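Rule-based calculations on the coordinates, nothing more; no lab input. Predicted, not measured: the structure shown is a model, and the values here were computed from it. Counting neighbours? That spans all protein chains shown, and the Cβs are built from the backbone with ideal geometry, glycine included.
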Amino acid sequence: MGEMGTVKQRAAPTQDVEALLGRLRSIVGPQAVLTDPEALEPHLTEWRGLYRGAATALVEPGTTAEAANVVAACAAARVAMVPQGGNTGLVGGAIAQARAGHPEIILGARRLNRIRDVDAANYTMTVEAGCVLADLQAAAEEANRLFPLSLGAEGTCQIGGNISTNAGGINVLRYGSARDLVLGLEVVLPDGRVYDALRALRKDNTGYDLKQLFIGAEGTLGFVTAAVCKLYPRPGSVATAMLAVADPAAAIELHSRARDELGGALAAFELIGRLPLQLVLEHVPGTREPLDGAHDWYVLLELAPAGADAQDQLEHFLARRHAAGEIGDAMLAHSGAQRDALWRLRHSISEAEKHGGAGIKHDVSVPVSRVAEFIDAASAAALAEVPGARVVAFGHLGDGNIHFNLQQPPGMDRAAFLDRWEAVSRVVHTTAHEFSGSFSAEHGVGAMKRDELARLRGGVEYELMRTLKQTLDPHGLMNPGKLFPAAD
Ligand SMILES: Cc1cc2nc3c(=O)[nH]c(=O)nc-3n(C[C@H](O)[C@H](O)[C@H](O)COP(=O)(O)OP(=O)(O)OC[C@H]3O[C@@H](n4cnc5c(N)ncnc54)[C@H](O)[C@@H]3O)c2cc1C
């Protein structure tokens, strides 16, 4: 291996790409190799429109064996591959960047969509990578089980993409992120070999836990084809409330009390600033103020115990906190419709932000105990970069994960504001780092934050990551330019 800075990530193709496409058609069938520009189009842009790519073809294997043969053929031809799931990622990770002399094939997981097994007694299901997340939630429900991974993009994103981004969502506080929900994995390695560890075991102490390398690897170490996911008992009841708190420090205090008094039944604890709520109320039809009057900060809290007493438990908890003067006004949902209305306020924030002007967005995390200090420090640092901008802060407080976004100042030119993205992100990420935090708690590194990976995860940690990449993918063929810079 060369020095860390000069690791070769990709070799030039050694074989005619047309010959390779012919070989791929013979493996998966001609209908599963798409080269038509119109058919490729939706696979070349990303949800926020920040990335526009180019690809030689989209290839969709229908079985693990086909996927292995496809990858082996691309590897033999030294042609790069970009795994793609539902393409709901937000950091350009699934977007191919083919250019002259550097063809790239998109490996689509859509046809790998079988649920191979639901083992209710083992609380597991074995599923293929292209299964849509919402379909897996429904399959678990049919077996009277819960698959707790849940996020805004669940109707489109795929479990292979969720695993590859270590997706979080609204239930991390109680059930963990994708990393905590996977027991076994099947992955086609960059040379076409299949790493088969589809074991449905909760205890297995046999050497390195290799599957964890591929979880959150953003498609840079292999193509995930199947996984064994954990299932849970369905909660007996659910109760949801929105309440006002004085500031983020009060929210942190309330979070500790909720964990102490409500225990494992606490399922969600979200912090929402007034500005994000205001944007929702202004721009999302059918929404209304959840409480009397306006407040600076809100908490959205959900309880999901095994028994039927969620409503009682939450009501008593809120009464105690109110009596102690720790919370202001509160609203406990008394019906499914009221609960949906509260969650809609939270889930509509991203959409509302779009209507409120340009935004510079971050998905950072810090220890829960430091969220309040972080918001203060990051606000000062970001506003020094763009005076007059408005801070839109909200997120999964229970996970220490804050969406710390900056909204275009009134009157400032949109393009001029967006030109400041890199400078603003740098100070926000540096602030998170200074608070022992992470510059990406949700969306990952992809193409967008690869310089930040080198800057903020430098030293031994970065060296080990590159050593791993070099060992598993010596020719740099699997998702080049993601996490690390691509070689020229
Ligand atoms: C409205 C909205 C809400 C969101 N909310 C959340 C949230 O709450 N929490 C959160 O964590 N994320 C969230 N996201 C981001 C996104 O949905 C997640 O990152 C999701 O896990 C991506 O899944 P996907 O199938 O769309 O993957 P893609 O976007 O297709 O790919 C993402 C990355 O995974 C790799 N990949 C995909 N499939 C495979 C595979 N089979 N094998 C190997 N690599 C693969 C790709 O190469 C890429 O690097 C949200 C996105 C949107 C649009």
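Collect the residues in the stretch 55-82 that are among the small types (G, A, S) and touching a Lys or Arg at 6+ places or on another chain (Cβ under 7 Å), keeping them in residue-number order.
The first filter runs over the stretch 55-82 and keeps only residues among the small types (G, A, S), leaving 55, 57, 62, 65, 67-68, 72-73, 75-77, 80.
Result: G62, A73, A80.
Residues in the stretch 306-316 that are free of Cβ contacts under 8 Å to residues at least 60 places away in the same chain and touching a helix residue (DSSP H, G or I) at 6+ places or on another chain (Cβ under 8 Å): how many?
Adding up the residues that qualify gives 0.
Among the listed residues A454, A441, identify the single one that is small (G, A, S) and crowded, with 22+ Cβ neighbours inside 10 Å. Spell out how you get there, then give the answer.
Numbers: A454 fails: crowded, with 22+ Cβ neighbours inside 10 Å.
Step by step, each of A454, A441 is checked, and only A441 is small (G, A, S) and crowded, with 22+ Cβ neighbours inside 10 Å.
Those residues that are near the ligand (Cβ under 6 Å from one of its atoms) and without any contact (Cβ under 8 Å) to a residue 40 or more places away in the chain, I need them from the stretch 147-158; list them, please. Talk me through it step by step, then tell me what you get.
Pass one, the stretch 147-158, residues near the ligand (Cβ under 6 Å from one of its atoms): 151-153, 157-158.
Once the filter is applied, which keeps residues that are near the ligand (Cβ under 6 Å from one of its atoms) and without any contact (Cβ under 8 Å) to a residue 40 or more places away in the chain, the stretch 147-158 yields only L151.
Taking the options A200, A239, A249, name whichever one is more than 30 Å from I327 (Cβ to Cβ), more than 13 Å from the ligand (Cβ to nearest atom) and touching a residue at least 40 places away in the same chain (Cβ under 8 Å).
Numbers: A239 fails: more than 30 Å from I327 (Cβ to Cβ); A249 fails: more than 30 Å from I327 (Cβ to Cβ).
Checking each option against the conditions leaves just A200.
Any idea which residue in the stretch 159-188 is surrounded by the fewest Cβ atoms within 10 Å (Cβ to Cβ), counting only those that are more than 8 Å from the ligand (Cβ to nearest atom) and aliphatic (A, V, I, L, M)?
So the first thing to find is which residues in the stretch 159-188 are more than 8 Å from the ligand (Cβ to nearest atom), and the list is 171-176, 179-186, 188.
Those still in the list that are aliphatic (A, V, I, L, M) too: 172-173, 181-183, 185, 188.
Numbers: V172: 25, L173: 23, L181: 25, V182: 23, L183: 21, L185: 24, V188: 28.
Filtering first and then ranking leaves L183.
How many of the residues making up the stretch 360-385 are surrounded by fewer than 21 Cβ atoms within 10 Å (Cβ to Cβ) and not basic (K, R)?
Here is the first cut: in the stretch 360-385, the residues surrounded by fewer than 21 Cβ atoms within 10 Å (Cβ to Cβ) are 361, 367-370, 372-373, 376-377, 379-381, 383-385.
The next check asks that each one be not basic (K, R); those that pass are 367-369, 372-373, 376-377, 379-381, 383-385.
Adding up the residues that qualify gives 13.
Residues to consider are G400, G459, G476; find the one that is away from the ligand (no atom under 13 Å from the Cβ) and without any contact (Cβ under 8 Å) to a residue 40 or more places away in the chain. Reasoning before the result, please.
Values: G400 fails: without any contact (Cβ under 8 Å) to a residue 40 or more places away in the chain; G476 fails: without any contact (Cβ under 8 Å) to a residue 40 or more places away in the chain.
None of the others qualify; the one that does is G459.
Can you name the number of the only condition in (1) of a type in the set (D, E); (2) touching a residue at least 60 places away in the same chain (Cβ under 8 Å); (3) in a strand (DSSP E or B); (4) away from the ligand (no atom under 13 Å from the Cβ) that D191 fails?
If we test D191 against (1) of a type in the set (D, E); (2) touching a residue at least 60 places away in the same chain (Cβ under 8 Å); (3) in a strand (DSSP E or B); (4) away from the ligand (no atom under 13 Å from the Cβ), just (3) comes out false.
How many residues does the stretch 329-346 contain that are under 16 Å from E154 (Cα atoms) and crowded, with 16+ Cβ neighbours inside 10 Å?
The total comes to 2.
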